[in-house]
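This report refers to the structure that appears directly beneath it.
The values are calculated or read from the model by the stated rules, or taken from the named source; none is laboratory data. Bear in mind that the values here come from a model prediction, so they are computed numbers and not experimental data. Neighbour counts run over all protein chains shown; Cβ positions are idealised from the backbone, glycine included.
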C-alpha cells in the first residue's frame, strides 16, 4: 500500500458528516450574518457612499465579506477537526493507523476547505439577492476561492495542533485574523486611507488576498494581481512547511 | 517456540522529555497465535510499551518488528496488522456505532466490507445498537465499541490495554470468550492487566514489567506455581514464648508477640501440611481462637521480584 485512499476518504467523510449533523447552523448562520451586513453596510451606510472605482458600494463589499467568512470558517473547521480528537483522546486511532501525514492533512484540510468553499458560494448567492452582481472572471474567482480556502484550512490545522485549550483555539482567529481582515480592505478601498496608513496597510497580508479576490469580480484591486498570487502562494507554502515540521517532530501530537 | 515471532522487540527504550525513563532496554519475542499477558503495577511502562509498538509514542532507541515490518521504516506494513483497544474509554460522542466502526476500517486502509462489520458487531452484541449515538451507551458498551473498532480491519495482532478494568462480570466473560475465538482464528493477542485471574484464564505466557524493566517472562503454569503460595495465620488463645520442639517439622514463624503462628505453604502441592499441623497443635494442647489463610497477591510477587532485582543490582 503506497497511498491509503480509503483512509483519506474515511477522514474526509467523518469530517463532512460532522458538518452535516449541524447543517442548519452551518448554513443559516452565515446567511443571516451576510444579510445583516447588507442591511447595515449595503443599504443603510451604502446608500450614502459614493461608488468605488465605478462599483456600487453594496457590490464592492461582496468579495470582502466572502473572504471574511472564508478565513474564519476555514480556520475554525480545520482547527476544530484536529483539536477535538486531541481533546477527547480519540487521536490515538489516527496515530496508530497506517496513514501518512499527507493523507491526514488531505482528509482534514480537504473537508474543511470543501465546507468553506460551499459556504463562500452560499454567501455569494445570498449577496446576489441584495445587490446586482457581475463577476468578470468566474473561473479565476472559483480558483481563488478554493486556493484561499485550502490555505486557511492548512493554517487552521496548524492552530488545531498547537492549541491546548479551547481558548487558544479561538485566540488566533479572534485576535489576529478578524482584525487583519477588517483592516485589510474588506469594506473599503485602501486608496481611501491617508498615505501613511496606506503604507502600513501594505504590510497586512490579508490586503493582497482580498484585493486579488476583488479583481476576479471587478477587474481591479488595490494591488496588482501578481502580488496577490505571490502572497497567497507564499502563505500556502509557509503553512505546508510548518505542517511538514509538525509531523517530522511529532509536535504536540506524539511524545 | 516453534512459530516465528510475530512481534520482535529488541533493546527498546523510552525516555520522555521530562527525563522520566519509562522503558529501560526491553527485549521481547511474541509468537504467532500466542496470548501474552503483560502484568505490572501502575506506571510500570505497560502502556508505554504498547503505545510504541502501535505508533502513538516515539521510541528513544531500539527496534520493533511487526511480522517483519519495522514500525518506523515500514509503519504502514506494521500498523495495518495491529488492532489496539486503549485503556481509556476514548470514543467519539455524536457518531453512531456503525459509523465509527466503518470509519476505523477505512482509516486502516481496508476496502469497505459491511458483512465483516456486521459480524464484528454481532459478536460483541452491538448489532442492535448500531444506529445509536455512542454517547448514549453505557461504559461497558463503549468498551465493546472500542474492541469492534480494533477488529474492524481484521488485525493479526490485537493489543488489549487493561481490557477488563472497570468492566462487569458478564462483559469480562464475553471478552474472554472472544479472545479465545480470535486465537482460534490465529490472531496473536497481547493484553495488559492488573488481575492475575485474567492472566490465569487467558494467557499462554506472562511477562512482568516493573519500573520500565521486563523482569520476568514465563509460561503461565510456571508463574502460577509461584503465585500458589499461601499463608496460614493462627490466632492463639495463649501467647507462646517460643515454638515448641514438637512443631519443628514445619517452617513456622511466631508473630504478634507470640499471639500468632504463621505458616507459608504451597497451595498447589499434594500435601500442604496444614491438616497434620492442626492435629499436632491439638496434641500439644495449643488452642487457637481463629485461623485464616491468604493467597500471596500479584502485588506481593511484584514486591518480591522488584526487591530481588534491587539486591541483584
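Values for this structure:
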| read-out | value |
| --- | --- |
| Any hit, the range A:131-149, residues being within 14 Å of another protein chain (Cβ to nearest Cβ) and surrounded by fewer than 22 Cβ atoms within 10 Å (Cβ to Cβ) | no |
| Residues of the range B:44-70 that turn out to be in contact with a strand residue (DSSP E or B) (Cβ under 7 Å, 6 or more places away or on another chain) and under 21 Å from residue A:6 (Cβ atoms), as a count | 3 |
| Qualifying residue in the range B:136-143 (condition: assigned to a loop (DSSP other than H, G, I, E, B) and over 23 Å from residue B:39 (Cα atoms)) | yes |
| Residue within the range B:229-238 that is touching a helix residue (DSSP H, G or I) at 6+ places or on another chain (Cβ under 6 Å) and under 29 Å from residue B:43 (Cβ atoms) present | no |
| Filter pass, residue B:44 being at pLDDT below 95 and either facing chain A (nearest Cβ under 10 Å) or part of a loop (DSSP other than H, G, I, E, B) (or both) | yes |
| Helices (runs of 4 or more DSSP H) (entirely within the range B:194-313) containing at least 2 residues that are at pLDDT 85 or above and touching a strand residue (DSSP E or B) at 6+ places or on another chain (Cβ under 9 Å) | B:274-284 |
| Every residue from the range A:84-118 that is over 18 Å from residue B:103 (Cα atoms), surrounded by fewer than 24 Cβ atoms within 10 Å (Cβ to Cβ) and away from every other protein chain (no Cβ under 14 Å) | A:114, A:117, A:118 |
| Checking residue A:69 against (1) within 14 Å of another protein chain (Cβ to nearest Cβ); (2) in contact (Cβ under 8 Å) with a residue 40 or more places away in the chain, the condition it does not meet | (1) |
| Sole exception among (1) within 14 Å of chain B (Cβ to nearest Cβ); (2) within 23 Å of residue A:162 (Cβ to Cβ); (3) part of a helix (DSSP H, G or I) for residue A:20, by number | (2) |
| Residue under evaluation residue B:87, criteria (1) part of a helix (DSSP H, G or I); (2) at pLDDT below 95; (3) within 16 Å of residue B:56 (Cβ to Cβ), criterion not met | (1) |
| Residue that is nearest to residue B:193 (Cα to Cα), among those in the range B:84-112 that are without any contact (Cβ under 8 Å) to a residue 12 or more places away in the chain and either loosely packed, with under 15 Cβ neighbours inside 10 Å or more than 11 Å from chain A (Cβ to nearest Cβ) (or both) | B:88 |
| Of all residues in the range B:70-83 being facing another protein chain (nearest Cβ under 10 Å) and assigned to a strand (DSSP E or B), the one that is surrounded by the fewest Cβ atoms within 10 Å (Cβ to Cβ) | B:83 |
